[in-house]
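One structure is given here, and the rest of the page talks about it.
The numbers here are math on the coordinates, done by the rules we state, and not lab data. Since the structure is predicted, the reported quantities are computational estimates derived from the model, not experimental observations.
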Amino acid sequence: MTNTTVITLGSQALTLIGELAGPALIASLVVGFIVAVFQAVTSIQEFTLTFLPKVIAIAVITVLLGHWMLGDLVSFTEHLYNSIPQMLAG
């Protein structure tokens, strides 16, 4: 296994992490911004008002995109396991 192989695998793993976490993080960011604007307008400073909508948004994103996320993760893992003999051979 060469340095290039390790760097390539690490790069692919980090890219996959970004792709899988991106939709949930963006949804959480958008919902958090909307709730923050609502709190600023109404002067309501309730912790559950910020926490609960984010959890619901992340749950909805996971339900809607979970199949795609799991498919990408399984595909990456299968590719990784199938390439182990080639990496060990040289």
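Computed from Cα positions, the angle between helix 3-42 and the longest principal axis of the chain comes to roughly 10 degrees.
When shorter helices are ignored and each DSSP H run of at least 4 residues is given -39500 (n - 2.57), the per-residue value for the chain at 222 nm works out to -32500 deg cm²/dmol.
Computed from Cα positions, the angle between helix 47-82 and the longest principal axis of the chain comes to roughly 10 degrees. For the chain, the alpha carbon convex hull comes to 98 Å³ per residue, rounded to a whole number.
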